[in-house]
Each structure stands twice: as C-alpha cells, then as structure tokens.
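Q: I have a structure here, written as structure tokens, and I will follow up with some questions on it.
The values are calculated or read from the model by the stated rules, or taken from the named source; none is laboratory data. Source: prediction; values computed, not measured. Heads up, the Cβs are rebuilt from the backbone with ideal geometry, glycines too, and the neighbour counts pull from every protein chain shown.
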Amino acid sequence: MKRFRLALTLSVCALAGSLALAQAPGTRLRGEVEALNGTTLTLKAADGREIKVALAPGFSVGGMVAAKASDIAKGSFIGVGAKPQPDGTLLAVQVVIFPESMRGTGEGHRPWGVLPDATMTNATVAETVSKVDGANLVLSYPGGEQKVAITPEATILMAAPAEASELKPGAQVAMTASRQVDGSYSTSRVTVAKAGAKLPL
C-alpha cells in the first residue's frame, strides 16, 4: 500500500509543471515514444521532431487514466484548466483528480499559459451538481471560489501507478524537462497515458 501511494504521488508530481505549478521553470514536452535505450528516451513530437531526453538517475514514471464527471465528488481536490464564459463562470477544458496525498498542491487560481485567456484552478470541490451531460462545480480555495461547468468535451483524468516498462514504442508521454547547454533535454519524471487516456495539455 505504501508503494502504491508513492506511485500515485509521483504520477501527479510528474505533471506539476503544467498543472499544479503552471508557472514552474522548464520545458513541457509531449509525444510518442519511439525508443528507450538505456536512460535515453526518444520521442516523436506532434510536429514530427525527434526529441531525445536523458532520464536522470532514479527517475520516476507515473500514469494517467481516463475518469468521468461522476468520479468528481464533493470534497475532492482537483486541478481545472478552463476558459472564461460570458457570464463569468468557467468552462473546463481538462480536469485532473488529485490523490489525497496531493491535497493543497498549487492551491489557488492563476493564469494558465497553455491556452489564450485560460486559467488553472487547484481547489476543493465545495459543491457539485450532476447533469446528464456533465456537472456544475463550485471550487473553493483560500481567498475565493470559482464556478465551473464540465461538459462531455472536457478531458477528465486521474493519477495511476505506472512502470518504466510502459515507456515502449507508441506510448504517449509528457514531462517537464530541463534544456541543457548543448540543446538536449533531461527529466526526472515521465507521465504515460494508460488505457487510451489523453494526456493533459
């Protein structure tokens, strides 16, 4: 059980640069695994570029699996990337359900540089109203709250344990990497999509 909790924690930490800590330094990389040779991971990015990433000693691998709006319960701690709506509420683009061990990570409401005018809110679900096609949430954090609509178009994910053996050709992965002087990249954490899940933006 202790190992399982650690794996869940690491899988969420692997996305901290883009979710919990949206403004953290580093380069967000995502793509399809072409090969893993020793500690060098070769990716094919969406634009066709081949990217080589050095995996740091003791690197960790975490997974993300698809979830549903019904998995979001009152009291859950979640991260929501969203776009503003004319009425002042938010429309969710993606939602990550954090494990209890990550409660409070990056808590608050801030700009989300992935999409124009988008925001990232890491907060506790204070209220949830289920609908046939999604849910309406009230997210509460120190100093404020946000009302968020979740529709079928939103990507909803939750953390899951994963192993390095899952970094095989065809796997979809994402990470926050450090760029070296010679232009290469290195990272200590990799997130892999499991069971057909979409990776967070």
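Q: Just one of Thr119, Thr176 is surrounded by 16 or more Cβ atoms within 10 Å (Cβ to Cβ), assigned by TED's automatic domain parsing to the domain that holds Val33, among the polar types (S, T, N, Q) and within 20 Å of Gly26 (Cα to Cα); which is it? Show your work before the answer.
A: Values: Thr119 fails: assigned by TED's automatic domain parsing to the domain that holds Val33.
One residue alone meets the criteria, Thr176.
Q: Which members of the stretch 101-114 meet the condition of being over 14 Å from the mean Cα position of the chain (by Cα), over 14 Å from Tyr141 (Cβ atoms) and at pLDDT 90 or above?
A: Pro111 - this is the single residue of the stretch 101-114 that is over 14 Å from the mean Cα position of the chain (by Cα), over 14 Å from Tyr141 (Cβ atoms) and at pLDDT 90 or above.
Q: Looking only at the stretch 72-87, filter to residues that are surrounded by fewer than 14 Cβ atoms within 10 Å (Cβ to Cβ) and touching a strand residue (DSSP E or B) at 6+ places or on another chain (Cβ under 8 Å); which one of those is nearest to Ala177 (Cα to Cα)?
A: At the first step, the residues of the stretch 72-87 found to be surrounded by fewer than 14 Cβ atoms within 10 Å (Cβ to Cβ) are 73-75, 84-87.
The next check asks that each one be touching a strand residue (DSSP E or B) at 6+ places or on another chain (Cβ under 8 Å); those that pass are 73-75, 84-85.
Details: Ala73: 33, Lys74: 34, Gly75: 32, Pro84: 29, Gln85: 33 Å.
Among those residues, the one meeting the criterion is Pro84.
Q: Here is a further query. Confirm whether Val93 is touching a residue at least 12 places away in the same chain (Cβ under 8 Å) and aliphatic (A, V, I, L, M).
A: On the way: touching a residue at least 12 places away in the same chain (Cβ under 8 Å): yes; aliphatic (A, V, I, L, M): yes.
So Val93 fits the description; yes.
Q: A further question follows. Give the residue that is farthest from Phe98 (Cα to Cα), with candidates limited to residues of the stretch 167-201 that are in a loop (DSSP other than H, G, I, E, B) and of a type in the set (D, E, K, R). Step through it out loud before you land on a result.
A: Just the residues of the stretch 167-201 that are in a loop (DSSP other than H, G, I, E, B), to begin with: 167-171, 180-184, 194-201.
So of that shortlist, the ones also of a type in the set (D, E, K, R) come out as 168, 182, 194, 198.
Values: Lys168: 26, Asp182: 36, Lys194: 16, Lys198: 16 Å.
Across the stretch 167-201, the extreme among qualifying residues is Asp182.
Q: Are there any pairs, at least 6 apart or on different chains, whose C-beta atoms fall under 6 Å, with the first in the stretch 52-67 and without any contact (Cβ under 8 Å) to a residue 40 or more places away in the chain and not assigned by TED's automatic domain parsing to the domain that holds Leu29 and the second surrounded by fewer than 16 Cβ atoms within 10 Å (Cβ to Cβ) and not polar (S, T, N, Q), and if so, which?
A: Listed by first residue and then by second, the contacts come to nothing, as the list is empty.
Q: Just to be sure before I move on: is Ile51 more than 19 Å from Gly113 (Cβ to Cβ), surrounded by 12 or more Cβ atoms within 10 Å (Cβ to Cβ) and under 20 Å from the mean Cα position of the chain (by Cα) in the structure I sent? Working first, answer last.
A: Values: more than 19 Å from Gly113 (Cβ to Cβ): yes; surrounded by 12 or more Cβ atoms within 10 Å (Cβ to Cβ): yes; under 20 Å from the mean Cα position of the chain (by Cα): no.
Spelling it out, it is not the case that Ile51 is more than 19 Å from Gly113 (Cβ to Cβ), surrounded by 12 or more Cβ atoms within 10 Å (Cβ to Cβ) and under 20 Å from the mean Cα position of the chain (by Cα).
Q: Of everything in the stretch 57-95, what is under 18 Å from Pro161 (Cα atoms) and either hydroxyl-bearing (Ser, Thr, Tyr) or more than 19 Å from the chain's Cα centre (by Cα) (or both)? Give them in sequence order.
A: Gly58, Ser60, listed by residue number.
Q: Has the stretch 149-159 got at least one residue that is more than 21 Å from Ala73 (Cβ to Cβ) and either part of a loop (DSSP other than H, G, I, E, B) or modelled with pLDDT of 95 or more (or both)? Working first, answer last.
A: The first filter runs over the stretch 149-159 and keeps only residues more than 21 Å from Ala73 (Cβ to Cβ), leaving 153.
Filter once more, so that each one left must be either part of a loop (DSSP other than H, G, I, E, B) or modelled with pLDDT of 95 or more (or both): 153.
Yes, there is a match, as at least one residue in the stretch 149-159 is more than 21 Å from Ala73 (Cβ to Cβ) and either part of a loop (DSSP other than H, G, I, E, B) or modelled with pLDDT of 95 or more (or both).
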